[in-house]
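Notes follow the structure.
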Amino acid sequence: IGKALDFSTSSPAQNTALAWKQGSDMQTTLARAEAQAQQALAVDAVENLINAYAYYLDECMPLAAARLFAETGSNQIPGIGLYTGELRIAQALQMAYCPAGRQESVLTLHHVLQPVVTVSADGQSATIVSRLWQIHVAGTEEDYYLLGQLDAGAVMENGQWQLVTLNT
């Protein structure tokens with residue numbers, strides 16, 4: 001990984017100084033590479049959280065969706081309100097998206113498009129903004145198509161990424 005050290009034309013003191021300098025550069029490079037890897041993992045994790053949230057809504061699994069949130073996480077649902085905590089979020093999602101439960105003859109999709117994830121410098125928190133295309137097809141006058149924006153914040157907590165805010 002790096003350059004070979006050439007000691008052929010320098011003194012032992014210079015050799016030690018050269019090795020230390022190159023080692024320091026390697027350590028800095030390694031630290032940067034580790035930070036970039038953490039940033040990339042964070043981007044993937046946050047995108048996965050949002051996609052899991054959408055999937056759970058599609059499948060009428062509000063409790064599973066609510067479990068993606070941190071203990072003090074909050075979810076703003078248009079026309080319903082702002083809810084905090086797993087149980088309150090699950091109840092609100094049930095009321096908003098599947099009051100009658102999962103129905104075989106109904107297709108609902110929450111399609112997340114064009115996500116933009118911004119990760120903090122320490123790699124422990126992130127925000128995501130994306131477009132949300134919601135489709136509901138039941139073959140009745142209740143069919144609808146909505147386009148909106150999804151804004152969310154996430155944190156690394158107890159070794160896993162969790163949502164702290166989500167607004168649609």
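Miscellaneous remarks
- In this entry, the range 50-96 is assigned a mean projected area of 2.8 nm², taken as a quarter of its C-alpha convex hull surface.
- Whole-Hz couplings from phi, Karplus 6.51/-1.76/1.60, listed for the range 110-126; x for Gly and Pro: 10, 9, 8, 10, 6, x, 10, 9, 10, 9, 5, 4, 7, x, 9, 8, 7
- Put the Cα centre of the range 114-147 next to the Cα centre of the range 63-112 and the gap is 13 Å.
- Between 55, 144, 83, the GNM of the chain built on Cα springs shorter than 10 angstrom shows 144 fluctuating the most.
- Residue-level accessible surface for residue 157, protein heavy atoms, 1.4 Å, Å²: 70 Å²
- All-pairs alpha carbon distance profile, the chain, 5 Å steps from 0, percent: 2, 8, 14, 16, 14, 10, 7, 5, 5, 4, 4, 4, 3, 2, 1, 1, 0, 0
- Seen from a random direction on average, the alpha-carbon convex hull of the range 61-146 projects onto 6.7 square nanometres.
- Rough spin-label spacing in nm, given labels placed 7 Å along Cα→Cβ, for residue 51 and residue 135: 1.7 nm
- Cα long-axis angle, helix 86-97 against the chain (0 to 90 degrees, to the nearest 10): 50 degrees
- Antiparallel bridge percentage (DSSP; both residues within the chain; nearest 5): 90 percent
- Ranking by accessible area, most exposed first, for 72, 29, 168, 108 with a 1.4 Å probe: 72, 29, 168, 108
- Helix 12-58 vs. the chain, principal-axis angle (Cα, 0 to 90°, nearest 10): 10 degrees
- Note, ³J(HN,Hα) from phi for the range 130-145, Karplus 6.51, -1.76, 1.60, rounded to Hz, x at Gly and Pro: 8, 7, 10, 10, 10, 10, 9, 10, 10, x, 10, 5, 8, 5, 7, 9
- Each Lys and Arg contributes +1 and each Asp and Glu -1, all at the Cβ; summed about the Cα centre of the chain, the dipole is approximately 480 debye.
- Among 70, 100, 121, residue whose mean-square fluctuation peaks in a GNM of the chain (springs only between Cα atoms under 10 Å): 100
- Multiplying the residue separation of residue 84 and residue 143 by 0.36 nm and subtracting their alpha-carbon distance yields 18.3 nm.
- Projected label points at residue 72 and residue 109, each 7 Å from Cα along the beta carbon direction, are separated by 3.8 nanometres.
- Shown for the chain: the carbon plus sulfur share of the solvent-accessible area, taken with all protein chains present and a 1.4 angstrom probe, equals 56%.
The values are calculated or read from the model by the stated rules, or taken from the named source; none is laboratory data. Nothing here was measured: the structure is a model prediction, and the numbers come from that model. Methodologically, a virtual Cβ is constructed for each residue, glycine included, from the backbone with ideal geometry; neighbour enumeration extends over all protein chains shown. In case anyone asks, the SASA skips ligands and DNA or RNA and just uses the protein heavy atoms, side chains included. Shrake-Rupley method; radii C 1.70, N 1.55, O 1.52, S 1.80 Å.
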